[in-house]
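A.B. asks: After the structure tokens below, expect a handful of questions from me.
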Amino acid sequence: MILQLSHVQTFIEQFHILQDVTFEVPEGEVTVILGRNGAGKTTTLRTIMGLTPPAKGSVQFRGEQLNGLPPYAIARKGIGFVPEDQGIFSDLTVEENLSLAMRKKDGATKTRLQFVLDIFPDLESKLRQKSDSLSGGQKQMLAIGRALITDNHLLLIDEPSKGLAPILVEKLAQAIREIKKHTTVVLVEQNFALASAVGERYVIIDDGHTVREGKMSQLLQDRELLGRYLGITANPKSGKVV
Ligand SMILES: Nc1ncnc2c1ncn2[C@@H]1O[C@H](COP(=O)(O)OP(=O)(O)OP(=O)(O)O)[C@@H](O)[C@H]1O
Ligand SMILES: [Mg+2]
């Protein structure tokens, strides 16, 4: 297991947001965190990164305890985070945003830059443009691209499909399939078509608790679980966009 959360509890100010979050992430797979609005999905990613550190429980990366480490130290272990607000510098060009992510300008970094431009060809033609001129989908690609340029072993991505047109969701699915050849991915995703198309495993969080984890193929057959926690009542495979 590349990542293990065990009975994690997180407070934001006095609010007890994560009450018992326990799940495992196998290396080389895409694990999707599912759950309703306000369930605690973003807080789970932020807890892993040390941005809202856990008050109790443990977060282990490759068997090493992350609790108590500051976010920069956690990032340095090879964990990338693409937050929902994307965190890109809008007054810099696409190229400058990508350059800032390069800790070293060695051969491996250049190979990763080429990988980013291969999976997101839209970025290549926009390298010298200011990032605020990009479309929403292109900004999302840039945000993911930045995290890929660093030599990360694990990538946490928060709701990348939010607000994207179906054609871009399809591109995103293809990109995630390429990314997982090199990097383990934990994806928070409310678009169930995307989640089920790219995820091998799922974790459902409800009201600050993990209620179930397992193989995506099993979740797709579990109508009761889909209905109760995700509000999916129709055939989950109908209306698929990816
Ligand atoms: N800064 C904060 N102060 C107080 N409560 C917060 C804060 N941030 C989050 N919360 C609360 O914590 C709970 C979990 O929030 P979180 O953002 O992790 O949910 P989420 O599953 O990512 O939801 P969404 O699907 O809407 O993104 C929510 O009830 C939210 O209102
Ligand atoms: Mg969220």
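The values are calculated or read from the model by the stated rules, or taken from the named source; none is laboratory data. Bear in mind the structure is a predicted one, so any value in this text is a computation, not a measurement. As a convention, Cβ positions derive from the backbone with ideal geometry for all residues, glycine included, and neighbour counts pool all protein chains shown.
A.B. asks: What residue, of R46, R112, is under 17 Å from L155 (Cα atoms), of a type outside the set (A, V, I, L, M, F, W, C) and more than 16 Å from ligand 1 (Cβ to nearest atom)?
C.D. replies: Working: R46 fails: more than 16 Å from ligand 1 (Cβ to nearest atom).
On inspection, the qualifying residue turns out to be R112.
A.B. asks: Could you say whether any residue in region 3-15 is of a type outside the set (F, W, Y), within 14 Å of the chain's Cα centre (by Cα) and either more than 16 Å from ligand 1 (Cβ to nearest atom) or within 30 Å of G227 (Cβ to Cβ) (or both)?
C.D. replies: yes
A.B. asks: Of all residues in region 18-38, which are within 13 Å of ligand 2 (Cβ to nearest atom), more than 29 Å from E178 (Cβ to Cβ) and touching an Asp or Glu at 6+ places or on another chain (Cβ under 9 Å)?
C.D. replies: Within region 18-38, R36, G38 qualify.
A.B. asks: Filter region 54-95 for residues that are out of contact with any helix residue (DSSP H, G or I) (no Cβ under 8 Å at 6 or more places or on another chain), touching a residue at least 24 places away in the same chain (Cβ under 8 Å) and of a type in the set (D, E) and give the result.
C.D. replies: E95
A.B. asks: In this structure, is A173 more than 18 Å from I48 (Cβ to Cβ), within 18 Å of the chain's Cα centre (by Cα) and in contact (Cβ under 8 Å) with a residue 60 or more places away in the chain?
C.D. replies: Spelling it out, A173 is indeed more than 18 Å from I48 (Cβ to Cβ), within 18 Å of the chain's Cα centre (by Cα) and in contact (Cβ under 8 Å) with a residue 60 or more places away in the chain.
A.B. asks: Residue by residue through region 191-201, note down the ones that are in contact with a strand residue (DSSP E or B) (Cβ under 7 Å, 6 or more places away or on another chain) and within 16 Å of ligand 2 (Cβ to nearest atom).
C.D. replies: A195
A.B. asks: So Y229 clears everything in (1) under 24 Å from L5 (Cα atoms); (2) more than 15 Å from the chain's Cα centre (by Cα); (3) more than 16 Å from ligand 1 (Cβ to nearest atom); (4) not charged (D, E, K, R) except one condition, right? Which one?
C.D. replies: (3)
A.B. asks: Quick one: would you say V8 is more than 16 Å from ligand 2 (Cβ to nearest atom) and closer than 18 Å to V188 by Cα?
C.D. replies: It is true that V8 is more than 16 Å from ligand 2 (Cβ to nearest atom) and closer than 18 Å to V188 by Cα.
A.B. asks: Are any of the residues in region 145-159 β-branched (V, I, T), within 16 Å of ligand 2 (Cβ to nearest atom) and in contact (Cβ under 8 Å) with a residue 24 or more places away in the chain? Steps first, please.
C.D. replies: To start, the set of residues in region 145-159 that are β-branched (V, I, T) comprises 149-150, 157.
So of that shortlist, the ones also within 16 Å of ligand 2 (Cβ to nearest atom) come out as 157.
Next, from what is left, pick out any that are in contact (Cβ under 8 Å) with a residue 24 or more places away in the chain: 157.
Taking every residue of region 145-159 in turn, at least one turns out to be β-branched (V, I, T), within 16 Å of ligand 2 (Cβ to nearest atom) and in contact (Cβ under 8 Å) with a residue 24 or more places away in the chain.
A.B. asks: Here is a further query. Within region 71-106, work out how many residues are within 18 Å of V188 (Cβ to Cβ) and in a loop (DSSP other than H, G, I, E, B).
C.D. replies: Going through region 71-106 one residue at a time, the tally reaches 5.
A.B. asks: Please find, among G57, G87, G68, G50, the residue that is among the small types (G, A, S), at pLDDT below 95 and closer than 21 Å to E13 by Cβ.
C.D. replies: G68
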